[in-house]
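Peer 1: I have a structure I would like to understand better, so I am pasting it below and will then ask my questions one at a time.
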Amino acid sequence: VTMKQLAKISGLFIVMSLMISCSAKLTDETAFALHYYDAEIVIGGQSVVLSPSYVGEKPTDFKIDNITRNGMIEYDPILDGPLTEKDMFYIYPDTGDLIIQNTAGKKTGTYLVSVSCSSSGKLYSFPSLITLKMLSE
């Protein structure tokens, strides 16, 4: 095999590889998805606001379904009632912005926040969607 033949074979192999890799059709069939960044928060520090991003139609009617700390229930809306804008955690129903505030004196640990919202007339629930690590000062 000469260098010229080897170059032709290599070139043919590269072209075939590219054709195969480009022939796959990549599509996203996801009707709706919701995303937040996780955060580390210093207890007693400044307020933190986490804004959602999403795939699909604009979501509305955001709610916090529950919050756990280190695997134990920290907040349950049925037992604890609705959260207000003065609570440590609050989600704005129209935008989905999650505010974490008034953390002085709160417990350290890993908090998992479950969120629900509506999009295109459907209710979506996202268990343990947001991970917040609360750190001591």
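The values are calculated or read from the model by the stated rules, or taken from the named source; none is laboratory data. Everything numeric in this text was worked out from a predicted model, so none of it was measured. Cβ atoms come from the backbone with ideal geometry, glycine included; neighbour counts cover every protein chain shown. Protein only, heavy atoms only, side chains kept; ligands, DNA and RNA dropped before computing areas. Shrake-Rupley method; radii C 1.70, N 1.55, O 1.52, S 1.80 Å.
Peer 1: By how many nm would the segment from VAL49 to ASP65 grow when fully extended, if each residue of separation counts as 0.36 nm and the alpha-carbon distance is taken off?
Peer 2: 4.0 nm
Peer 1: Next question, about the same structure. Quick one: in the range 52-129, what % of C-alpha pairs are over 21 Å apart?
Peer 2: It works out to 26 percent of all Cα pairs.
Peer 1: Can you pull out the trypsin sites (Lys or Arg not before Pro) in the range 45-112 that DSSP calls coil and that have at most 13 other Cβ atoms within 10 Å?
Peer 2: Those that pass, being in a loop and sparsely packed, are LYS86, LYS107.
Peer 1: Quick check: convex hull over the Cα atoms of the range 86-126, volume per residue in Å³, rounded to an integer?
Peer 2: Looking at the range 86-126, the number lands at 71 Å³ per residue.
Peer 1: Further question: Could you give the accessible area per residue of the range 64-119, probe 1.4 Å, as a whole number in Å²?
Peer 2: Counting only protein heavy atoms, the per-residue value for the range 64-119 is 53 Å².
Peer 1: Given an 8 Å cut-off on Cα distances and at least 6 residues of separation, report the relative contact order of the range 42-137 as a percent.
Peer 2: The normalised contact order for the range 42-137 reaches 37 percent.
Peer 1: Here's another thing I want to ask about it. Can you list residues whose amide H is under 5 Å from VAL115's amide H, if they're 5+ apart or on another chain and H is modeled 1.01 Å from N?
Peer 2: Residues meeting the criterion, in which the H sits 1.01 Å from N, are ASP65, PHE126, SER128, LEU129.
Peer 1: Could you tell me what percent of the DSSP beta bridges with both partners in the range 81-137 are antiparallel, to the nearest 5?
Peer 2: 100
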